[in-house]
Amino acid sequence: MNPSARTRIILWRHGLTDWNAQSRFQGQADIELNDIGRAQAVAAAERLGSFRIDAVYSSPLSRALVTAHTFADPRGFDVHRDERLAEINVGTWSGENIDEVGAANPWMAEKLAAGDDFRRSPTGETATEAGARMVQAVTEIASAHPGGTVLVVSHGLVIRMTVAGLLGWDNRTAFGLAGMVNCAWAMLVHRSNGEWKLLTWNQGDASLFF
C-alpha cells in the first residue's frame, strides 16, 4: 500500500447486551451479546461489507469479539485482539445500575455538566486514561495499514474518548457527542502528515437500533 495515502479507521461498537438493556455499568466484565445484539451485528456487518476492509481488530471482551467475528468469519479475515481496545474499567461499579450509582454519587452529574473527568469507582479508570490507551492502539493500527481501511471493534465510551484524543478535544467537547448506539460506527481518516479527521459518527441504518 502507498505510505502517503490516507488510512481509514472504522470504530465499530459491539451489539446489545442484557446489561446495556438494563442500564448497568459493564466496564471490563465479560458480558455476552443477547439475541438482539447478535442480530444487530449481522445486519451491521452486511452494511460494513460495502467497505473494502483490509484488517479487523477487536477488544478481547466477548461482546466485541463476537461482533467482530460476525463480520470477519464469512469474509475470511483473522481478528486481531488488542487488550487496549477494551472498555473503560469501572471497578466496583461493574454490574451496578447507572442511575442508582448516579443517585448515590450526586457529584457525578455535576462533573459531567462541568465537563470534568472522574474516576469510575475508586478502583476504576478515568475516561481520559481509558481513551489514552486506545488512542495508542489505534495510532499503531493505522501505522501498520497505511492507505488501508481497518475495522476496529470496541466499546461506547472508549470510542468516544478515542475520537476526542485523536482530534485533540477536551472532555467537555468529547461529551458533546451523542452516545454511540449499539452496532453503530465512527469513521476517521489518518493522513500521512499525522493529522486525523472525523468523517462520520453514529453511522448505521436505523433498522439496526432495535
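The values are calculated or read from the model by the stated rules, or taken from the named source; none is laboratory data. The model shown is predicted, which means the values in this text are computed figures rather than measured ones. Counting neighbours? That spans all protein chains shown, and the Cβs are built from the backbone with ideal geometry, glycine included. These area figures cover heavy atoms from the full protein model, side chains too; ligands, DNA and RNA do not enter into them. Shrake-Rupley method; radii C 1.70, N 1.55, O 1.52, S 1.80 Å.
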Tally up the residues in the stretch 115-128 that are open to solvent by 40 Å² or more (accessible area, probe 1.4 Å), touching a residue at least 40 places away in the same chain (Cβ under 8 Å) and either touching a Gly at 6+ places or on another chain (Cβ under 7 Å) or part of a helix (DSSP H, G or I) (or both), please. 1
Which residues, counting only those in the stretch 162-182, are touching a residue at least 60 places away in the same chain (Cβ under 8 Å) and either of a type in the set (A, V, I, L, M) or in contact with a Pro (Cβ under 8 Å, 6 or more places away or on another chain) (or both)? VAL163, MET180, VAL181
Test: ALA178 is of a type in the set (Gly, Ala, Ser) and within 28 Å of ILE36 (Cβ to Cβ): yes
Quick one: what pairs do we get from the stretch 187-202, first residue in contact (Cβ under 8 Å) with a residue 40 or more places away in the chain and polar (S, T, N, Q), second surrounded by 17 or more Cβ atoms within 10 Å (Cβ to Cβ) and part of a strand (DSSP E or B), C-beta under 9 Å, 6+ apart or different chains? SER192/THR7
Among strands (runs of 3 or more DSSP E) lying entirely in the stretch 133-210, which contain 3 or more residues that are farther than 24 Å from ASP116 by Cα and of a type in the set (A, V, I, L, M, F, W, C)? 149-154, 185-190
Which of (1) open to solvent by 30 Å² or more (accessible area, probe 1.4 Å); (2) in contact (Cβ under 8 Å) with a residue 40 or more places away in the chain does ASP73 not meet, given it meets every other one? (2)
When you check TRP201 against the structure, is it among the aromatic types (Phe, Trp, Tyr), under 21 Å from ARG52 (Cα atoms) and either open to solvent by 30 Å² or more (accessible area, probe 1.4 Å) or over 16 Å from the mean Cα position of the chain (by Cα) (or both), yes or no? yes
What are the pairs, 6+ residues apart or on separate chains, where a residue within the stretch 21-33 that is closer than 21 Å to ARG84 by Cβ has its Cβ under 6 Å from a residue that is open to solvent by 80 Å² or more (accessible area, probe 1.4 Å) and assigned to a loop (DSSP other than H, G, I, E, B)? PHE25/GLU96
Scan the stretch 146-180 residue by residue and report those that are under 24 Å from ALA41 (Cα atoms) and either more than 12 Å from the chain's Cα centre (by Cα) or open to solvent by 50 Å² or more (accessible area, probe 1.4 Å) (or both). GLY148, THR149, VAL150, LEU177, ALA178
Index of the failed condition, ARG133 passing every other in (1) among the basic types (Lys, Arg); (2) in contact with a Gly (Cβ under 8 Å, 6 or more places away or on another chain); (3) open to solvent by less than 50 Å² (accessible area, probe 1.4 Å): (2)
